[in-house]
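S.K.: The structure follows.
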Amino acid sequence: MMMATEMTTPSLELATRILGEAGFEDRLVGVKIAQMGGANPTGLYTLADAAAFLKIDSYDELVGSVGRATVGYIEPKALASWVSGVFGDEELAEAIRAEAERSEFYAQTVEPVKALLESRLSQCREVVGAAEPA
Amino acid sequence: MAGGYTGKILRIDLTKKAVSTIDTAKYEEYGGGHGMGSAIFWDLCKDKTIKAFDPGNVITIMTSPLSGTIAPAVAGRTEVQGIGAQGYPVEWFTRSNFGGRFSGNLKFAGWDGVVIEGKAEKPTWVDIRNDKVEFRDAAGVWGLDATASQEEIWRRVEGDHVGDWSSVGSGRDGGRTTQRPAVLTIGPAGESMSRTAALIHDSGNGAGQGGFGGVFGAKNLKAISVLGSGGVKVADPKALMDARMWSNKYSVAGHADDYIPAGIGSMFAGNPGQGAKAYAPADQPGVPMGCMACSKNCRVRWQSGASNGSSCVDYLFYNSHDAAKHGGKQTQAVLDAAEMMQRAGINAYMLEAGIIWLANLHKLGILGPGKQIPTDLPFDQLGEASFAKALIDKILNKKDIGAYLHEGLARAAVKLGRYEEDTKSGILPLQEWGYPQHYDARTEVEWGYGSLIGERDINEHDFNTMVFWAPSVAALFGVPPAITAKKLSEIMAEKLVPYKDPKMIDYSDEGIYSDSMAKLVAWHRHYTRYFKQSLAFCDWGWSDLYNQYGPDDRGMTPEGEPKFFNAVTGKTQTFEEGMEIGRKIWNLDRAIWILQGRHRDMEVFTAYNYEVGSIPGYTTYEAPYVMPVFENGEWKYKSVVGRKLDRKKVEDWKTKFFTLEGWDTKTGWPTRETLSKLGLSHVADELEKNKKLGS
């Protein structure tokens, strides 16, 4: 996994929100694309959903093979807006935007953004876990 | 008769338990496969307005003259036709096909195809061993899943010498063969007459779209087994071998020393067995496998044995759910889900779109325990094999939500009162005729138009690979496509005979409604009806328009198809002549749909295609849909995602298309002049008799 940007530890309240689940109208829509199967919009409701969904196989596999490699596509700007608007995590949203700006093309953003999401989820689980009664 | 044909088609009357033969020569002008199937259906199905499950439905299972030969990415395909159970609101006459070795074995047994009529009194399977055809009691087979059914039939045919020589009478090698019987069967979904049931052959071969599994079930037909010990008479074996070696130059197999790892998605030049590895757990070894005589071997056998031979949507219906549940990793769950789907004999496309729809309804609070649509589906297990099992079991047993899904997605949505709302919002992505969206009609219009003017999701990737997939993936990686939009248009202009219009691949906002787009759709309908569905050239090998190994990036089309056909048959047919036969078949199919009630006013996409330009919620863009466009006097690639179709312009495009095809622009019905020129005067007579002839 690539190193994620260091983010400040969230408050318990924010960590709880970040680990929560969006409603249907607030869902993030990723698109799973595969040469054989086409493009399928997929509703994502949690940060963990988004982290697991983000995926891109190699260029050679996607273009040079017979068509079953896949992309789990999430528009980075939409992801940042979702993180900010639904979960209130401005810091993560900004980190995603910065990563997208740093990248020259989409495939470059996938692993860093995935790492950011996983890192934030890990932080939040620690915060919430520490607050739970032993 | 010409090489490649056995000369006779097996006609089976299940009601009378009688067999007879049809001379192939009577239908030879159609080439084989789909063309012959449509013509036979036209002749034998007297009332074309009957329903799919009516015993009068005539099902054709046809080969091609190239079946069972060494023609690459051709020899293993089998075409299935008849009135399908899946189409909505009308059960259209439709088609499906599957790979494997059924068609080759049918030829080796001496048959160019099988025609099925009537309904058996009790569950039956048909046992074909060369020219000996028997109706067998399906007791002990009926009730088995699609894998166990085949295993049981192998045991009954081969007795105690499974895997050893079988003696099937006269023929090559003294009438003996080591081939296992090739079995086409249904699973429990077909037995229960599900509209979403598939036909299954070996492992990983399925004819899913159309609901022909349910039609078999309605006929009390569990399976057809065929074992042959003959061969295929090839008119010019040297020419066929030369053609195969020539085609090798266009495939990765011929370029071990100068392999080009990333083309632009050339169909014929794809890598053997590589892609499916994306679906398996990373530590699970697999080996390539393929259909009879194919050079591509595009499927995989896994160490676990689960879902062997599956590909495409067999995995795609569940791979993202598996990954979402397991931290982005693929696990055994996706293979197990594919295995369950195959054994049940369910159409994977229904499961893919169905799970998306159900998950949306669940999140909306409409579907779940005690909800408006009650179900105890364990959504907390979505992504585990247990969820797939629960869903499939409910469909097979017609319990809970499965009672609705058993009827297919469109009818399920209607019965649940969700059809209008959910196809308007797009959370139920049925694009036309009750078939799930495969490629987006709003962006890749040739796919949508072809499906709309036809009767099902076309599932033909001829252009899709070049005009969408390759440039879109290139954009994701920030690299220029291997070929410029201008050069691609030039190649198309050379190869898309007879039209030769470079603007045919202009997917700009104007181009998608143009005369040129009408030509592209017409070319595609005619090409696929003949070369792909009648001669059985595989969708994953042909057409070969662009090829990174070809001279100046040119593929084998239009030279390759007639080269193989003529070598096998001994004929001297040109590509252009083949395209005209395709036009004839397309018009014949159109006439059948018209007798079933088709009118241009019915040919409308579901509402979301006109009203939703992007997915609601926090995504304002779908994945980039980068396509060639001709704008401001120059060719370029551009993302056209987010586009909505304009209702009036689609109607205007239909008028252009109907004009090009020689059909009545008010009704979409072919005219007598058009049909007569194609040698279909008898079809014009029938349409006229029914007051449905275009003017």
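S.K.: What does the C-alpha gyration tensor say about the overall shape of the stretch B:11-146? Classify as rounded when a/c is under 1.5, otherwise prolate if a/b is larger than b/c, or oblate.
M.R.: Details: a/c = 1.44, a/b = 1.12, b/c = 1.29.
Note, shape of the stretch B:11-146 comes out rounded.
S.K.: Between residue A:16 and residue B:381, what FRET efficiency comes out of the Förster formula 1/(1 + (r/R0)^6) with R0 = 22 Å and r the beta carbon distance, rounded to 0.05? Mind dumping the intermediate values first?
M.R.: Values: r = 25 Å, r/R0 = 1.12.
It comes to 0.35.
S.K.: On to the next question. Find me the longest stretch of chain A that has none of the exposed GluC sites (Glu not before Pro), where exposed means in a DSSP loop (not H, G, I, E or B) with at most 16 other Cβ atoms within 10 Å. Walk me through the numbers before you get to the answer.
M.R.: Values: sites that count: A:6, A:21, A:25, A:104.
Free of exposed loop sites, the longest segment is A:26-103.
S.K.: Rounded to the nearest 500, what is chain B's calculated 222 nm mean residue ellipticity when only DSSP H runs of at least 4 contribute -39500 (n - 2.57) each, over all residues? Please report the intermediate quantities before stating the final value.
M.R.: Values: 25 runs with 235 residues, N = 695.
Calculated at 222 nm, the ellipticity per residue is -9500 deg cm²/dmol.
S.K.: Moving to a separate point now. Would you kindly give the portion of the calculated P(r) for chain B that falls above 36 Å, as a percent of all Cα pairs?
M.R.: Working: 89281 of 241165 pairs.
Within chain B, distances greater than 36 Å cover 37 percent of Cα pairs.
S.K.: With a cut-off of at most 15 other beta carbons within 10 Å, and DSSP calling the residue loop, which chymotrypsin sites (Phe, Trp or Tyr not before Pro) in the stretch B:126-185 qualify? Please list them. All intermediate terms of the calculation are to be shown ahead of the outcome.
M.R.: Numbers: sites: B:135, B:142, B:154, B:165; in loops: B:142, B:165.
Here the chymotrypsin sites (Phe, Trp or Tyr not before Pro) that fit, given the DSSP loop and packing criteria, are B:165.
S.K.: Something else now. As an exercise, identify the GluC sites (Glu not before Pro) in the stretch B:112-210 lying in DSSP coil whose Cβ has no more than 16 other Cβ atoms within 10 Å. The partial results should precede the final answer.
M.R.: On the way: sites: B:117, B:121, B:134, B:151, B:152, B:158, B:191; in loops: B:121.
Passing sites in the stretch B:112-210 are B:121.
S.K.: Would you mind classifying the stretch B:320-384 by shape? Square roots of the alpha carbon gyration tensor eigenvalues, ordered a ≥ b ≥ c; an a/c under 1.5 is rounded, otherwise it is prolate if a/b is larger than b/c and oblate if not.
M.R.: Oblate, since a/c reaches 1.5 and b/c is not below a/b.
S.K.: Related question: Mind giving me the nanometre distance, one decimal, between the label points for residue B:607 and residue B:577, set 7 Å out from Cα along Cα→Cβ?
M.R.: Modelled inter-label distance: 5.2 nm.
S.K.: Return the whole-Å distance between the Cα centroid of the stretch B:146-161 and the Cα centroid of the stretch A:71-111.
M.R.: Centre-to-centre (Cα) distance: 55 Å.
S.K.: Give me a single rounded figure for B:439-447: the average over its residues of other chain Cβ atoms within 10 Å of their Cβ. Intermediate results must be reported in sequence, preceding the final value.
M.R.: Numbers: counts 3, 2, 0, 0, 1, 2, 0, 0, 1.
Rounded to a whole number, the mean comes out at 1.
S.K.: Given points 7 Å out from each Cα along the Cα-Cβ axis, report the residue B:283 to residue B:479 separation in nanometres with one decimal.
M.R.: Distance between the two pseudo-spin positions: 3.2 nm.
S.K.: Could you work out the mean count of beta carbons from other protein chains within 10 Å of each residue's beta carbon in B:475-484? Let's see the in-between values first.
M.R.: Values: counts 3, 12, 10, 7, 4, 0, 1, 1, 0, 0.
For peptide B:475-484, the averaged partner shielding equals 4.
S.K.: Could you calculate the FRET efficiency of residue B:176 with residue B:137 from 1/(1 + (r/R0)^6), where r is the beta carbon distance between them and R0 is 25 Å, rounded to 0.05?
M.R.: Values: r = 27 Å, r/R0 = 1.07.
For R0 = 25 Å, the calculated efficiency reads 0.40.
S.K.: Let me ask something else about it. Give me the compactness ratio for the protein assembly as shown, meaning the Cα radius of gyration over 2.2 N^0.38 Å. Intermediate results must be reported in sequence, preceding the final value.
M.R.: Values: Rg = 26.2 Å, N = 829, 2.2 N^0.38 = 28.3 Å.
Cα-based Rg divided by the globular estimate yields 0.93.
S.K.: Here is the link list: B:119/B:399; B:233/B:563; B:296/B:389. Which ones come out longer than 22 Å on Cα distance? Could the numbers behind the result be given before it?
M.R.: Numbers: B:119/B:399 27 Å; B:233/B:563 16 Å; B:296/B:389 32 Å.
Violating the 22 Å limit, Cα to Cα: B:119/B:399; B:296/B:389.
S.K.: While we're on this one: Run the simple label-point estimate for residue B:415 and residue B:659 please: 7 Å along Cα→C-beta, distance reported in nm.
M.R.: In this crude spin-label approximation the distance works out to 4.5 nm.
S.K.: Count the lysine pairs in the stretch B:598-695 that are 8 or more places apart or on different chains: how many have C-alpha atoms under 17 angstrom apart?
M.R.: Working: B:644/B:654; B:648/B:656; B:648/B:666; B:649/B:666; B:654/B:666; B:656/B:666; B:666/B:691; B:666/B:692.
The number of close lysine pairs in the stretch B:598-695 is 8.
S.K.: Would you give the gap between the C-alpha center of the stretch B:204-255 and the C-alpha center of the stretch B:344-391, rounded to a whole Å?
M.R.: Result: 35 Å between the Cα centres.
S.K.: Mind pulling the per residue volume of the convex hull built on the Cα atoms of chain A? Å³ is fine. Working shown, then result.
M.R.: Numbers: hull volume 15.6 nm³, N = 134.
Residue-normalised Cα hull volume stands at 116 Å³.
S.K.: Would you please state which residues of the stretch B:639-659 a label at residue A:105 would reach in this model, taking the label point 7 Å out along Cα→Cβ and a backbone N cut-off of under 19 Å?
M.R.: Inside the label zone: B:639-641.
S.K.: For residue B:425 and residue B:494, what is the calculated FRET efficiency with R₀ set at 41 Å and r taken between the beta-carbons, to the nearest 0.05? Intermediate results must be reported in sequence, preceding the final value.
M.R.: Numbers: r = 43 Å, r/R0 = 1.05.
The pair residue B:425/residue B:494 has a calculated efficiency of 0.45.
S.K.: Once you have a ≥ b ≥ c as the square roots of the Cα gyration tensor eigenvalues for the stretch A:58-134, tell me rounded if a/c is under 1.5, and otherwise prolate or oblate according to whether a/b is larger than b/c. Kindly include the intermediate steps, with their values, before the conclusion.
M.R.: Working: a/c = 2.93, a/b = 1.83, b/c = 1.61.
Verdict is prolate for the stretch A:58-134.
S.K.: Residue by residue through A:48-61, how many Cβ atoms from other chains fall within 10 Å of the Cβ on average?
M.R.: The shielding value for this peptide is 5.
Values in this text are rule-based calculations from the coordinates and carry no lab data. Just so it is clear, the structure is predicted and the values come from calculations on it, not from any experiment. FYI the Cβ positions are ideal-geometry reconstructions off the backbone, even for glycines, and counts take in every protein chain you see.
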